[in-house]
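The values are calculated or read from the model by the stated rules, or taken from the named source; none is laboratory data. Computed from a predicted structure; not experimentally measured. FYI the Cβ positions are ideal-geometry reconstructions off the backbone, even for glycines, and counts take in every protein chain you see. Each accessible area value is taken on the protein alone, full model and side chains, heavy atoms only, with ligands, DNA and RNA left out. Shrake-Rupley method; radii C 1.70, N 1.55, O 1.52, S 1.80 Å.
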Amino acid sequence: PPPPPPPADSGGGGGGGGAANALFAEINQGANITSHLKHVKKGEGLKDRPVPVAKAAAKPAAAAAKPPKFALEDKRWCVEYQKGAKDLCVSEPLVKHTVYLFKCEDCVLKVSAKVNHITLDSCKKTAVVFDSVMAGGGVVHST
């Protein structure tokens with residue numbers, strides 16, 4: 001069975017019932033609801049619209065080069081902003097450690113033991129040599 005109709009307003013409410021009723025009456029006109037709209041022919045009105053102008057894209061100023069980082073923070077080996085480093089080595093990691101490489105360019109990282117996870121984020125021409133990984137590895141925004 002359908003749900004019961006909504007309870008009738010007792011008249012002592014918010015006082016905005018007249019405006020709401022007028023709005024619903026206008027919406028419920030049916031086929032006549034579009035009778036007051038102006039008919040636009042194909043191509044009409046296009047010349048009046050402003051043409052979007054492509055702004056000259058200002059190149060952002062060269063971001064200050066961040067210092068390279070190679071450190072163990074809690075359970076995560078952070079290797080960040082390395083450039084041209086071919087001899088990076090994570091020595092004696094534990095199985096619960098993860099390795100996170102961020103914005104490294106033209107680097108080679110060797111992980112000497114089993115780790116939980118390896119992630120490469122925004123790296124270019126970066127290689128990772130590892131024995132084994134527990135959970136898996138991920139590559140994000142890297143080329």
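When the residues of segment 62-71 are filtered to those that are within 16 Å of Leu120 (Cα to Cα) and of a type in the set (A, V, I, L, M, F, W, C), the one that is most open to solvent (accessible area, probe 1.4 Å) is Phe70. Scan segment 102-116 for residues that are open to solvent by 60 Å² or more (accessible area, probe 1.4 Å) and either out of contact with any Lys or Arg (no Cβ under 6 Å at 6 or more places or on another chain) or in contact (Cβ under 8 Å) with a residue 60 or more places away in the chain (or both) and the total you get is 3. A count restricted to segment 98-116 and to residues that are under 22 Å from Pro67 (Cβ atoms) and assigned to a loop (DSSP other than H, G, I, E, B) stands at 4.
Across segment 28-36, a minimum of one residue is classified as modelled with pLDDT of 80 or more and open to solvent by 80 Å² or more (accessible area, probe 1.4 Å).
Condition check ((1) under 42 Å from the mean Cα position of the chain (by Cα); (2) at pLDDT 90 or above) across all residues:
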site: Pro1; (1), (2): no, no
site: Gly18; (1), (2): no, no
site: Leu46; (1), (2): yes, no
site: Pro68; (1), (2): yes, yes
site: Leu72; (1), (2): yes, yes
site: Cys78; (1), (2): yes, yes
site: Gly84; (1), (2): yes, yes
site: His97; (1), (2): yes, yes
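Residues that are in a loop (DSSP other than H, G, I, E, B), of a type in the set (Lys, Arg) and out of contact with any His (no Cβ under 6 Å at 6 or more places or on another chain) were ranked within segment 66-97; the one that is farthest from Thr119 (Cα to Cα) is Lys66. Note on segment 117-131: among residues that are open to solvent by 40 Å² or more (accessible area, probe 1.4 Å) and in a loop (DSSP other than H, G, I, E, B), the one that is modelled with the highest pLDDT is Lys125. Residue count for segment 74-99 satisfying the condition of being open to solvent by less than 80 Å² (accessible area, probe 1.4 Å) and either among the acidic types (Asp, Glu) or at positive phi (or both): 3.
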